[in-house]
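Input: a single structure, listed below in structure tokens.
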Amino acid sequence: MSPQELAVQIIGKKKAEKKLPTWFNTKGIVYPPRINLEQTSSEITAEYKASLVSGNLLLDLTGGFGIDSFFFSGKVRKLIHTELNEELSALAAHNFEVLGAKNIETFTGDGLEYLRSTSETFDWVFIDPSRRDDSGGRVFHLSDCLPDVPENLELLWEKAENILVKTSPLLDLQAGIKALKTIKEIHVIAVENDVKELLWVLKKEAVDDVLIKTINFRRKEDQYFEGNYKNRSTSEYSAPLAYLYEPNAAIMKSGLFEAVGTKLGLGKLHMNSHLYTSEELVDFPGRTFKVNKVLPYKKKQLKKELAIEKAHITTRNFPETVSSLRKNLKIKDGGDNYLFFTTIESGEKVVIFCEKLED
């Protein structure tokens, strides 16, 4: 092994320690270059994807390093892993053997060509389109990714009963729905409040409405929430009460702003603020705070009334930035105090002085 190859393995193993603990703790694993490892799913998101599938035969059309394939293989009788890159395909095959995944068959080549040539039909086809162009830059529209899923839907439906597509978290939900057509579910996956991927479950038949499921994986208790894309519920508005709630990143991406308040019986501070409140404490998918006081936003008086040197500052639907507020109010970052600068339904600009409740 050359020094360069050894460096790739050292970097890969270090990267895998938290992202891929099963691979990290298994002897004989060989790692790909950094860019391939960065693009692959984490173990926690791969395991979640696997919970969505079942049946006899699954085709991973864009197999890559094989993290998703490995977890899918535990849910189906047989899995076909296709990968265009010869080195990556061989590496994945080696690792599957090391990991004891005996029901995975690997194919080196274009996954779409494999699909065209095979006589098999699949319970599921999984696709994670490459989101980089020829020069290595990132792309986000489905039609710019490889393979172009919307362009090949007819072929996919000839061979698949169900299709699962993974996309960038930056893909607009409305654009995705328009491009992929018959969508049954969208899963918005966050890890420690950072949205990592969107999963699109497609069905052959048309669906009246799309179910959006959100999950935020955390060190302590995971947070789940779901609602319908066409939900037309209307929020009840309220001035800040005893408790304040800030949705997690998965809900913010999902757009379920009205559904979360309505389902949990919360008041919303303003149509565009996406902060919620209640008199009684509820279990909320996000951060929860106890409101200590609410102050009108008056610059000259505010510094004296707050009388603090450190605080965590958040702005929602507010005309000033966090950095300008810190500078003007001379408040450093950190400590136990939380300040929300926002607009309430009356149009008034306020500062909500809170303390964070334990997760």
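The values are calculated or read from the model by the stated rules, or taken from the named source; none is laboratory data. Keep in mind it's a predicted model, so treat the numbers as computed, not measured. Virtual Cβ from ideal backbone geometry, glycine too; neighbours counted across all protein chains shown.
If I filter segment 49-64 for residues that are assigned by TED's automatic domain parsing to the domain that holds P147, surrounded by 22 or more Cβ atoms within 10 Å (Cβ to Cβ) and assigned to a helix (DSSP H, G or I), do I get at least one hit? Yes; the residues of segment 49-64 include at least one that is assigned by TED's automatic domain parsing to the domain that holds P147, surrounded by 22 or more Cβ atoms within 10 Å (Cβ to Cβ) and assigned to a helix (DSSP H, G or I).
Could we say that L302 is in the same structural domain as F257 (by TED's automatic domain parsing) and either aromatic (F, W, Y) or within 13 Å of I352 (Cβ to Cβ) (or both) here? Write out each step before concluding.
Numbers: in the same structural domain as F257 (by TED's automatic domain parsing): yes; either aromatic (F, W, Y) or within 13 Å of I352 (Cβ to Cβ) (or both): yes.
The answer is yes for L302.
Contact map, segment 216-232: first residue under 16 Å from D283 (Cβ atoms) and outside the structural domain of K253 (by TED's automatic domain parsing), second residue at pLDDT 95 or above and acidic (D, E), Cβ cut-off under 7 Å, separation 6 or more or different chains; pairs are N216/D222; R218/E192. Here Y245 qualifies as surrounded by 15 or more Cβ atoms within 10 Å (Cβ to Cβ) and under 21 Å from I189 (Cα atoms). Scanning segment 334-345 for residues that are over 17 Å from T321 (Cα atoms) and in contact (Cβ under 8 Å) with a residue 40 or more places away in the chain turns up I344, E345.
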